[in-house]
1. Anything in region 52-67 that is without any contact (Cβ under 8 Å) to a residue 60 or more places away in the chain and open to solvent by less than 40 Å² (accessible area, probe 1.4 Å)? List them, or say none.
2. For region 249-268, which residues satisfy the criterion of being surrounded by 15 or more Cβ atoms within 10 Å (Cβ to Cβ), at pLDDT 85 or above and either out of contact with any helix residue (DSSP H, G or I) (no Cβ under 8 Å at 6 or more places or on another chain) or among the hydroxyl-bearing types (Ser, Thr, Tyr) (or both)?
3. Looking only at residues in region 106-140 that are in contact with a His (Cβ under 9 Å, 6 or more places away or on another chain) and in a helix (DSSP H, G or I), which one is farthest from Trp61 (Cα to Cα)?
4. Looking at (1) out of contact with any strand residue (DSSP E or B) (no Cβ under 9 Å at 6 or more places or on another chain); (2) open to solvent by 60 Å² or more (accessible area, probe 1.4 Å); (3) closer than 29 Å to Leu137 by Cα, can you tell me which one Leu110 breaks?
5. Go over the candidates Pro37, Pro69, Pro96, Pro50 one by one and state the one that is in contact with a Lys or Arg (Cβ under 8 Å, 6 or more places away or on another chain) and not aromatic (Phe, Trp, Tyr).
6. Scan region 26-51 residue by residue and report those that are in contact (Cβ under 8 Å) with a residue 40 or more places away in the chain and either in a loop (DSSP other than H, G, I, E, B) or loosely packed, with under 10 Cβ neighbours inside 10 Å (or both).
Amino acid sequence: MRALGVSAAVEKARVARGEWERPAVRVVRLAGSRETPEQRLMMALIEAGPGAVASHQSAAWLWALLPAPDRPAVTVPSVAPARQCHFDLHRLKVTPAISTRGDFPVTNPLRTVVDLAGVVGSDTLDEAVDRAVAKKLVTVEGLEAEMSRLAVRGRKGVGALRRSLRRRGLVEGVSPSVLEARFHRLLQTAGIVPLSVEVVTGPQGEFRLDTQIDPHVAVEADGQAFHSTPEQKGRDERRRNQIRTEGMFLLVYTWWDVIRDGRRVIAEIHRALFVHGQRSTTSA
C-alpha cells in the first residue's frame, strides 16, 4: 500500500470508517469480503513475513492431498522474529525446496508429505500418501530419498512416514504369511471357503498358487506389487499367463486391495465364481 501511495494516516482512517478491516497486524482487507481458505492462507503468509511458505496441512491442501485446514500452516526461516499469530508457524534452519501453486509459495510434494507426517494421525497420513502416489506427485523412491536426507537432521515425521509406507505395502514388502492370513480372514468374513491353499500346479509342478477358490478360479495376494523390479514383474506376469493358459481364471490382489478395498475384492471373487467357476461350467 505504501508503494501505491497509501499513507499510514489514510489507512488508519479507512479502517476507522469501516471501509477496511484489519484481521491481522500487517494485513487489511475490504470490509465484508468473504473469508476463504485462500484468503486465510494469504493473510498468514503476509503476516509471517519474507521467506514464508505454505507447508504441512496447507501445502497438502494446495497439492489436493487433503481438505483445507482450519488453521493455515506456514514455515519461516529460523531467524524470523517470534510473534503471536492465528496460524501454525514452523521454523526451519534450512530452506525447503519451494514450488508454487497459484499465487502461493509452497513446499514441494516430497517435503510436504514428510512434514505432514509429523503433524497428523496415521489415517490422515495414509490418505495423503495414497493420493500423492496416485497423482504421481511423488514416487516411493523419491520419498525414501527425502526421508534419508532429512533423517540425519532428526526431522520429525520421518519415522511416521516410514510406518505409513509399510502399512501401504509400498516399502520393505509385506510378509507373505501376514498378507495371506489377512486375505483368508477376508474370505472367511464373506463366507467363502477356499478349495485349497498353497497349490502346486503347472505341467511340471513349477507354479504355486496362493489360494484356489474353485477348480477353475484362483487368487494370488501379491505383497510385492509396488516395489518389484521390472524384471520381477515381467517374470510374474509370464508365470501368471502360463497359469491362465492352463484354464485357470486368476485374480491378483495387492496388500492395499486386501486391507482397504475388501468389498471390491469379495465382489470380484463372487463374479469370477459365477462366470468361470465349476458351477457355471457344469450348468453350461
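The values are calculated or read from the model by the stated rules, or taken from the named source; none is laboratory data. Everything numeric in this text was worked out from a predicted model, so none of it was measured. We place every Cβ from the backbone using ideal geometry, glycine too, and count neighbours over all the protein chains shown. The accessibility values were calculated without ligands, DNA or RNA, using every heavy atom of the protein model including side chains. Shrake-Rupley method; radii C 1.70, N 1.55, O 1.52, S 1.80 Å.
1. The first filter runs over region 52-67 and keeps only residues without any contact (Cβ under 8 Å) to a residue 60 or more places away in the chain, leaving 52-54, 58-59, 61-62, 67.
Once the filter is applied, which keeps residues that are without any contact (Cβ under 8 Å) to a residue 60 or more places away in the chain and open to solvent by less than 40 Å² (accessible area, probe 1.4 Å), region 52-67 yields Ala52, Val53, Ala54, Ser58, Ala59, Leu62.
2. The answer is Tyr253, Glu268.
3. Taking region 106-140 first, the residues in contact with a His (Cβ under 9 Å, 6 or more places away or on another chain) are 107, 112, 115-116, 118-120, 140.
Okay, now just the ones that are also in a helix (DSSP H, G or I), so 112, 115-116, 140.
Details: Thr112: 10, Asp115: 13, Leu116: 11, Val140: 20 Å.
Going through the qualifying residues, I end up with Val140.
4. It fails just one condition, (2).
5. Values: Pro37 fails: in contact with a Lys or Arg (Cβ under 8 Å, 6 or more places away or on another chain); Pro69 fails: in contact with a Lys or Arg (Cβ under 8 Å, 6 or more places away or on another chain); Pro50 fails: in contact with a Lys or Arg (Cβ under 8 Å, 6 or more places away or on another chain).
Criteria check complete, one pass: Pro96.
6. Gly51
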